[in-house]
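Here's the structure, in structure tokens; my notes come after.
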Amino acid sequence: MYRLILCLLLLSVTTQAQNPQLVIEIQNIEGLKGNIRIGIFNKSEKFLKEGHTYKNYIVAVKKPTQTITIEDLPKGEYAFLLYHDKNSDAKLNQTFIGIPKEPFAFSNNIIPKLSKPSFEECKFMLKENKTMKIKLGYYNK
């Protein structure tokens, strides 16, 4: 019985250790208040649809460049949206025509032109440890 429990514990540790690290360095943060909210997507058809993120992360803003290390994503294809929730209301505030009032960014530093970017534009492969430097955009200035 003890051997079975030990084997299961070792298997669980081994499985967790196989996940690569994703380090996101978020640059260009103005104002040391609020949170950075990150929504990670793993399916093209769910990309940027509310309530369809694969994983969500929140980091309190403490300095102009924040780093988050994510260790619970299995190897695979992902894309993300992140934004600086300056007023901590848990939503990306927008104008009446849908232009974000709060700074945001997409994976691969994709800058939207006239519409939201696609999963294909933002996707990246996570096979091994990866560091991404992402610059927040201020589109309300």
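The values are calculated or read from the model by the stated rules, or taken from the named source; none is laboratory data. Everything quoted here is computed from the prediction, not taken from an experiment. No Cβ is skipped: glycine too gets one built from the backbone with ideal geometry, and neighbour counts run over all protein chains shown. Calculation scope for accessible area: heavy atoms of the full protein, side chains included, ligands and nucleic acids excluded. Shrake-Rupley method; radii C 1.70, N 1.55, O 1.52, S 1.80 Å.
Solvent exposure of the chain amounts to 64 Å² per residue of accessible area, where only protein heavy atoms count and the probe is 1.4 Å. Against the main long axis of the alpha-carbon atoms of the chain, helix 2-17 sits at an angle near 30°. Farthest toward the positive end of the dipole of the chain, out of L126, A90, Y54, is the Cα of A90, where the dipole comes from beta carbon charges about the Cα centre.
Among bridges DSSP assigns within the chain, what percent are antiparallel (round to 5)? Provide the component values of the computation, followed by the final result.
Working: 26 of 32 bridges.
Here the antiparallel bridges make up roughly 80 percent for the chain.
Percent of accessible area on the chain owned by carbon and sulfur, 1.4 Å probe? Its accessible area is 54 percent carbon and sulfur atoms. Under the convention that each Lys and Arg Cβ holds +1 and each Asp and Glu Cβ holds -1, the size of the dipole of the range 36-97 around its Cα centre is about 120 debye.
Using just the helices of the chain, give the 222 nm mean residue ellipticity in deg cm²/dmol: DSSP H runs with n ≥ 4 each add -39,500 (n - 2.57), and the total is spread over all residues, rounded to 500.
On the way: 2 runs with 20 residues, N = 141.
Theoretical 222 nm ellipticity from helices: -4000 deg cm²/dmol.
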